[in-house]
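Scroll down for the structure; my scribbles are underneath it.
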Amino acid sequence: MGVPLVIQLHNFERKVLHDSLVRHHGRINEVMQESAPTVWAALPVQGKDLVYARVEADIPNVVEKMVRDFQSIIGTEAREQFQGRHNKLPDYITACVGGGSNAMGLFFPFLDDPEVKIIGVEAGGKGVNEKMEHCASLTGGRPGVLHGNRTYLLQDDDGQILEGFSISAGLDYPGIGPEHAWLHDIGRAEYVSITDKEALGAFQLSCALEGIIPALEPSHALAHVMKIAPDLPKDHIIVMNMCGRGDKDIFAVAQHLGFDMG
Ligand SMILES: Cc1ncc(COP(=O)(O)O)c(C=O)c1O
């Protein structure tokens, strides 16, 4: 379309592979040099621009709905393909939840199918407890207002927003899209958390058994699938959104597993 595109990456080190891949596809005109270690820290940088598109579900109406509707191609296609192949709907659908975009994209076309159980998987970091070293806004936060949303947030007793912690660059945000907060409150979707350690285990298993390097974000969802699948009836089918590849994460994983990448 000839429209110049400037992208600000919130974690330059971990996203540098994304950057070079997208550049090679010719879609970035400029990458802002400023960077920040987390999504949360990146917001003041983004705020300097009057016009920006933060492509997440955790921003106020109507952008939140636009993100959901664009992303819902994931759920619509998954639904169609699943029905075509199995002549029924899946028993479970699941996805990792940072701001909530990929999960909402999968969940949305299934919301009116009560037989389909919906599970969102948050980043449990070092554990969901009072130390708050996690990014599990629904399972370890409480309601508040941030960036124009009323939703669940990581916050201290005075309502000050906490940074949270996760091994995964994309899940390290202290809030969650308000539509997820609503699904949580009405009980339509269940939200659980997975720790860094569990996500790393799923990452390694997927590499070893499938030859697929998953991003650390969906590794959280995969870890939850590994947790629940053994206790489900054999004919149950879980659809999990493998929402990103893990090339960008190999350095972080090596560091956490103690490998020397030179
Ligand atoms: C691969 C991947 N999955 C998931 C997410 C989390 O975002 P959301 O919950 O909005 O889908 C990110 C964010 O950067 C990501 O890079």
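The values are calculated or read from the model by the stated rules, or taken from the named source; none is laboratory data. Predicted model, so just to flag it, every value in this text is computed and none were measured. Every residue, glycine among them, receives a Cβ derived from its backbone with ideal geometry; neighbour counts consider all protein chains shown.
If we scan the range 204-215, do we find a residue that is out of contact with any Leu (no Cβ under 7 Å at 6 or more places or on another chain), crowded, with 23+ Cβ neighbours inside 10 Å, polar (S, T, N, Q) and assigned by TED's automatic domain parsing to the domain that holds V97?
no
For the structure I just gave you, tell me whether H224 is in the same structural domain as Q81 (by TED's automatic domain parsing) and within 16 Å of the ligand (Cβ to nearest atom).
Values: in the same structural domain as Q81 (by TED's automatic domain parsing): yes; within 16 Å of the ligand (Cβ to nearest atom): yes.
In short, yes.
Can you tell me which condition L216 does not meet? The list is (1) at pLDDT 95 or above; (2) more than 12 Å from the ligand (Cβ to nearest atom); (3) closer than 21 Å to G140 by Cβ, and all the others hold.
(2)
For every residue, the table says whether it meets (1) in a loop (DSSP other than H, G, I, E, B); (2) more than 16 Å from the ligand (Cβ to nearest atom).
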{"position": "G99", "(1), (2)": "yes, no"}
{"position": "F107", "(1), (2)": "no, no"}
{"position": "E133", "(1), (2)": "yes, yes"}
{"position": "G159", "(1), (2)": "yes, yes"}
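Can you give me the number of residues within the range 227-248 that are more than 16 Å from the ligand (Cβ to nearest atom) and under 25 Å from F165 (Cβ atoms)?
Adding up the residues that qualify gives 2.
Quick one: which residue in L183, L138 is over 30 Å from A254 (Cα atoms), within 16 Å of the ligand (Cβ to nearest atom) and in the same structural domain as L200 (by TED's automatic domain parsing)?
Values: L138 fails: over 30 Å from A254 (Cα atoms).
Answer to the check: L183.
Does G187 satisfy the condition of being farther than 24 Å from V239 by Cα and more than 14 Å from the chain's Cα centre (by Cα)? Explain how you work it out, then say what you get.
Details: farther than 24 Å from V239 by Cα: no; more than 14 Å from the chain's Cα centre (by Cα): yes.
Taking the combined requirement at face value, the residue does not satisfy it.
N149: under 12 Å from the mean Cα position of the chain (by Cα), in contact (Cβ under 8 Å) with a residue 60 or more places away in the chain and in the same structural domain as V253 (by TED's automatic domain parsing), yes or no?
Numbers: under 12 Å from the mean Cα position of the chain (by Cα): no; in contact (Cβ under 8 Å) with a residue 60 or more places away in the chain: yes; in the same structural domain as V253 (by TED's automatic domain parsing): yes.
So N149 does not fit the description; no.
Go through the range 70-97 and count every residue that is more than 14 Å from the ligand (Cβ to nearest atom) and modelled with pLDDT under 95.
0
Within the range 243-260, does at least one residue satisfy the condition of being assigned to a helix (DSSP H, G or I), farther than 23 Å from I73 by Cα and in contact with a strand residue (DSSP E or B) (Cβ under 6 Å, 6 or more places away or on another chain)?
Step one: filter the range 243-260 for residues assigned to a helix (DSSP H, G or I), giving 247-257.
From what's left, farther than 23 Å from I73 by Cα: 247-257.
Filter once more, keeping what is in contact with a strand residue (DSSP E or B) (Cβ under 6 Å, 6 or more places away or on another chain): none.
Checked the range 243-260: no residue is assigned to a helix (DSSP H, G or I), farther than 23 Å from I73 by Cα and in contact with a strand residue (DSSP E or B) (Cβ under 6 Å, 6 or more places away or on another chain).
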